[in-house]
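The values are calculated or read from the model by the stated rules, or taken from the named source; none is laboratory data. As the structure is a computational prediction, the values presented were derived from the model and not from experiment. Don't worry about glycine lacking a Cβ; one is built from the backbone with ideal geometry, like all the others, and counts go over all protein chains shown.
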């Protein structure tokens, strides 16, 4: 049926058949993770006594918004945190990280990033890109960095620099770097090394793309604060916008007063008509993330058979929903993005073109035919138009449709090669 509906060649369909066979054991593991996380989600909803009145929003200041407060409680319980802000008020993952960093850091403090240079848009928040728009450095906050060694944390260097740091910052996923996402065990090792050298340091994890890929979250491995976007894993493809901050109660409270205003904190912020979508998206997030993981595994297997290097290998554990594909040439990079766009439910007829996306230092090509603009839990593919022409695939909402999109991408790449 796939071949008939989407004009896939016999050559690509043979690769598909083999990929489905090779991936079956990995798919079974993902199903086990999904079941565990979904049952944990259900338990959190029932223990927190979520009721129909919690799905109805407020206007104005949003004082005593019981739905907003209950949603924070549910998410905190699900991720094993003391407290959380699970809010539509966050405009993006970068904005959520900005709130967390400005909420916890003060003039004279040092932010120690232990996973190398952060991804492009966060460099602007810190002040590493040379712009001056009220970044951390302009406020007298210092920045130090420890690079990864062969993709793994340098624990010795972390221990050396941690005594001077207020925050030990971990970027779990890869951004536009061709390295593996960090495992929970690696996050735990970083936390242990940093806190042994400086018991007062706060371990802060950018958890974007990593939620629900395992049965636990970084809070169980020493993280004091975790941060992410709701148009990625935890929004389940239903939340229309937003982000979350979760972890130690003291730190979440500091962040709340930066999200709104000093003195008002978490007590204000109306929810209008988004609560039902946010509750529903969170509830479905474990299942949707599992579909995205299966898509990621399948993509790695298929493109490896075509001769393209992928990270991670299809047999490796997934610590985020991203698969990177070393396309090698601009033509192949265009091909993979055009195919993913053609296999998307929205704007399938559009041809992706590179453009100067705000916050990035080179043109970016992006395939994103999504119901929510910019959503990374829906199938998407993007890349900076620079060597080594690596494409980064994320999502999608269900494996059957995502598999079709990947096959269309493979067909496009084959056509360009010819």
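Looking at residue 298, is it in contact (Cβ under 8 Å) with a residue 40 or more places away in the chain, outside the structural domain of residue 64 (by TED's automatic domain parsing), more than 18 Å from residue 208 (Cβ to Cβ) and not in a helix (DSSP H, G or I)?
no
Of 50, 74, 78, which residue is touching a residue at least 60 places away in the same chain (Cβ under 8 Å) and either more than 21 Å from the chain's Cα centre (by Cα) or not in a helix (DSSP H, G or I) (or both)?
50
From the list 114, 125, which one is free of Cβ contacts under 8 Å to residues at least 60 places away in the same chain and buried (at least 18 other Cβ atoms within 10 Å of the Cβ)?
125
Which condition number in (1) part of a helix (DSSP H, G or I); (2) over 27 Å from the mean Cα position of the chain (by Cα); (3) over 22 Å from residue 305 (Cα atoms) is the one that residue 45 fails?
The single condition residue 45 does not satisfy is (2).
Which condition does residue 178 not pass, out of (1) closer than 23 Å to residue 94 by Cα; (2) surrounded by 22 or more Cβ atoms within 10 Å (Cβ to Cβ); (3) over 14 Å from the mean Cα position of the chain (by Cα), if it passes all the others?
(2) is the only condition that residue 178 fails.
Can you list the strands (runs of 3 or more DSSP E) found entirely within segment 195-248 that contain at least 1 residues being more than 16 Å from the chain's Cα centre (by Cα) and buried (at least 24 other Cβ atoms within 10 Å of the Cβ)?
Hits in segment 195-248: 202-206, 243-247.
Among (1) farther than 30 Å from residue 74 by Cβ; (2) assigned to a strand (DSSP E or B), where does residue 123 come up short?
Every condition holds for residue 123 apart from (2).
If you check 210, 228, 237, 175, which single one turns out to be at pLDDT below 95, within 19 Å of residue 292 (Cα to Cα), assigned by TED's automatic domain parsing to the domain that holds residue 155 and in contact with a helix residue (DSSP H, G or I) (Cβ under 9 Å, 6 or more places away or on another chain)?
So the residue among 210, 228, 237, 175 that is at pLDDT below 95, within 19 Å of residue 292 (Cα to Cα), assigned by TED's automatic domain parsing to the domain that holds residue 155 and in contact with a helix residue (DSSP H, G or I) (Cβ under 9 Å, 6 or more places away or on another chain) is 175.
Kindly establish whether residue 154 is in the same structural domain as residue 205 (by TED's automatic domain parsing), in contact with a helix residue (DSSP H, G or I) (Cβ under 7 Å, 6 or more places away or on another chain) and at pLDDT 95 or above.
Spelling it out, it is not the case that residue 154 is in the same structural domain as residue 205 (by TED's automatic domain parsing), in contact with a helix residue (DSSP H, G or I) (Cβ under 7 Å, 6 or more places away or on another chain) and at pLDDT 95 or above.
For segment 136-150, which positions are closer than 17 Å to residue 171 by Cβ and modelled with pLDDT of 95 or more?
Residues satisfying the conditions are 136, 143, 144, 145, 146, 147, 148, 149.
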